[in-house]
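Structure record follows, encoded as structure tokens.
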Amino acid sequence: MAKDFDTMEDSNRSANLSIHEVSDPARRVFLRGGLGAVTTGLLAPLAGLGAAVGVATVSGCATGAGAMDTGPLLGFKSVPVATSDAVVVPEGYTAQPLAPWGDPVGLSGENAAFKWDASNTAAEQETQMGMHHDGIHFYPHPLDAKSNTMGLLVMNHEYADDGLLHTDGMKTWNAQKVRKAQAAHGVSVIEIELKNNRWEVVRPSPWARRITAYTPMEVSGPAAGHAMMRTAADANGRRVLGTLNNCGSGITPWGTYLTCEENFIFYFRGGQQLSDHHRRWGLRSGEPVGYRWAEHDARFNAELHPNEPNRFGWVVEIDPYNPSSTPIKRTSLGRAAHEGATIAVTRAKRAVVYMGEDARFEYIYKFVTRDAIKPGGAQPNAELLDHGTLYVARFDANGKGQWLPLVHGQGPLTAASGFADQGEVVIKTRQASDALGATKMDRPEWIDVDKQGWVYCTLTNNSNRGQANMPAVDAANPRANNTMGNIIRWKDTGDFDGLTFEWNHFVLAGDPANERADAKGNVKGDAFACPDGLWTDYRGVLWIQTDMSTSAMGRGDLARLGNNGMLAADVRTGEIRRFLTGPNGCEITGATSTPDGSTMFINIQHPGESPSERSNPDEPRRISNWPDANPAGRPRSATVAIRRTGGGPVGT
Ligand code: FEO
Ligand code: CA
Ligand code: CA
């Protein structure tokens, strides 16, 4: 979301690798952090269909399995900076828009077509792709896990632009508009198939699903049933309606999807008497911070329902292979403005979930499961994420760091200090991290793991760093007025569950043509700024997606960088090459691929966004009508399927 409102050689660490490979020798596909498209499908039982996809076990950590390909990782010719209203990919590649906002997802009997004047009703929107595509994952097809031409796409819809969503924008405001906006949020599951070199949405599909801002969800973990989670509508504090601001995502080795609630606070109106707790999370008195839902849905008025905001900011687990399953908010993983949730697997088969909180001066977390992952898919691992230890990162100036346990009763996390129990620790994860002295970062966004066990996190930017009354620069966040962003990386001691780590900056983003030394960065290759999305493909290429905010784009330090785009990095050499540029006003976010890498899917979010107010439907149309080239229409967030014209893995 547009948020207005030194390279090191990899050391040989084969003993610590958590890169597993599928035991089928014919399919020696590397699985980053022990997971990946292939495994997720293979391990996932088809709940509801009574069948199981081929059972492949994850082998032990094969020494050498994590060895990087020795050939060149980047085989394409970079594309130039662009300001065109198009997706531009290198010579020899195609980019096909797929499943834009408003297209039917393929529910049985429900196929209302998108209306160009945005006159679809709230009920119709419930059957259509939501707005503002974000985190995404390709799941192997339930009936053919080895297919590279059929599968399920699961993706987040981060937020709704009310200017575009309604025919007259926000000239009027009523309960039906709020309901339509809520229906445009959440998650979509669609079945897709490649036919004649074009991906199509299969309609109807038994797996098609929409999850919205009012889909019932369970709460599990230490905050389930907690007094701070109870509301008038849910006296037990265990059943929440909906998920909000679903930004980054994650996948589990047992075949489920993790959707992450980011800027949930934007939906709430604060009361006059704000608690310190709500204030710490950004609630304000009086007017809502962002959306105007509270005017017609009292649940979002925190003055009337002060515990409702506590029910958001969680990582939610969804089983895409079981369309009737109830999503579960996993509170063990802590509450935060969650960007994403990336799982790595230890040699003892514990899952380690890395999470960034995208807000200025917030934190990086990891959660280590108590138990080992069991074979057999989602069902045997249904409670795995409910038991374990949550940590927050402290980056020290000597290049080392510590994971500080967010455990009730340890250190300052006691009742006397305002943490009655573990439930309160996780509901107040920010305050607990403040108390532990964790490092306040420059907006941690996506996280991913390379084949040598380095864990990378994008720190997108922080123009407040070093300003008056704001935290000063530190070793991990070394630039004041950080307009360009960094990618930091660390390697945990021993294994992914290690309590200490070493760290360095993979790259300080920037523009070599910038005259200001601190905005030049140290990019070896093509200039970029504001890294956000991050994804390691099965070959070990680190894909970097940018989100220069619309209000900052084209000005100041970012003046020469054009539209947002996607770059590929060779983590062995540090070389970074621009692969794609997006249409006007968009950001690029989310990445996944078919198991063989022959199709990469990414999301184009908020094409047409402009710095002016977003309540006017004509405003975005001034700069973009992507992807439809329909001047009477509206720019639409959409997935893009990228392929090589001659076949073969994308990026080679
Ligand atoms: Fe939703 Fe931090 O991007
Ligand atoms: Ca993001
Ligand atoms: Ca961002």
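Just so you know, all these numbers are worked out from the coordinates, no wet-lab data involved. Since this is a predicted model, take the numbers as computed values, not measurements. A quick note on method: Cβ atoms are made from the backbone with ideal geometry, for glycine too, and the neighbour counts reach across all protein chains shown.
A few comments on the model shown:
- Across 195/349; 329/451; 77/195, pairs whose alpha-carbon gap is larger than 32 Å: 195/349
- Shape call, the range 152-288: gyration tensor on alpha carbons, a/c limit 1.5: oblate
- Positive-end residue, the chain charge dipole about Cα centroid, Cβ charges, pick of 637, 420, 342: 420
- Projected area averaged over orientations for the chain, convex hull of C-alpha atoms, nm²: 25.6
- Inter-label distance for residue 472 and residue 108, nm, one decimal - labels placed 7 Å from Cα along Cα-to-Cβ: 6.5
- Gyration tensor analysis over the Cα atoms of the range 485-627 returns equivalent ellipsoid semi-axes of 29, 20, 14 Å (largest first, whole Å).
- A Cβ-based charge dipole, computed about the Cα centre of the range 443-564 with Lys and Arg at +1 and Asp and Glu at -1, lands at about 400 debye.
- For the pair residue 374 and residue 298, the difference between a 0.36 nm per residue extended length and the Cα-Cα distance amounts to 23.1 nm.
- Within the straight-line cut-off of under 17 Å between alpha carbons, the lysines reachable from residue 440 are 366, 400, 428, sequence neighbours fewer than 8 places apart in one chain being disregarded.
- Kirkwood-based shape ratio for the range 191-244, expressed as Rg/Rh from alpha carbons: 1.30
- Spin-label proximity, residue 121 to the range 182-204 - amide N less than 19 Å from point 7 Å beyond Cα toward beta carbon: 182-185
- This model, with +1 at the C-beta of Lys and Arg and -1 at the C-beta of Asp and Glu, gives the range 237-358 a dipole about its Cα centre of some 480 debye.
- For the chain, size of Cβ-based charge dipole, Lys and Arg +1, Asp and Glu -1, in debye: 340
- Each of 178, 608, 153 was placed along the dipole of the chain (beta-carbon charges, centred on the mean Cα), and the one lying farthest toward the positive end is 153.
- Residue (of 219, 257, 199) at the positive-pole extreme of the range 138-272, dipole from beta-carbon charges: 219
- The length gained by stretching the chain between residue 560 and residue 480 to full extension, at 0.36 nm per residue less their Cα-Cα distance, is 26.7 nm.
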